[in-house]
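Right, one structure below, let's go through it.
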Amino acid sequence: MKNKLKEEALKPSSVQKMPTVRALTRQFSVATLREAGYRVPEDISVIGEGDIKIFGFCSPPLTAITADYQEMVSRMVEFVDGAPMGNRKIFIPQHLVERKSVFNRLQIG
């Protein structure tokens, strides 16, 4: 897997951000990127999903996008219980927990 990641995903011309799924995967991704010679966040930004407290202790501390998961579960339970949904769209707001794994390229002078 490591070799494939290096060959496919780490092409400097195409990589700017690398979405990952789980906390350990994110930290593994950062370690693999560093091993391949990339700097996080200077070369590549890493953003996770869900805000797990340990993200603040990673190196670098990981930025995350998170949502109100309790609200998501409540909506799913309504659906499973047979509440009429129709064509209704449900919007669960998300927010960004800013840490050090993302480089803001808009602030470059």
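A count restricted to the range 51-109 and to residues that are small (Gly, Ala, Ser), in a helix (DSSP H, G or I) and in contact (Cβ under 8 Å) with a residue 12 or more places away in the chain stands at 1.
For LYS89, the conditions (1) of a type outside the set (Ser, Thr, Tyr); (2) under 19 Å from SER29 (Cβ atoms); (3) at pLDDT below 85; (4) loosely packed, with under 12 Cβ neighbours inside 10 Å are fulfilled apart from (2).
Picking from residues in the range 71-86 that are of a type outside the set (A, V, I, L, M), surrounded by 10 or more Cβ atoms within 10 Å (Cβ to Cβ) and at pLDDT below 85, the one that is nearest to GLY50 (Cα to Cα) is ARG75.
The values are calculated or read from the model by the stated rules, or taken from the named source; none is laboratory data. A quick note: this is a predicted structure, and the numbers were derived from the prediction, not measured. Backbone-built Cβ (ideal geometry, glycine too); neighbour counts: all protein chains shown.
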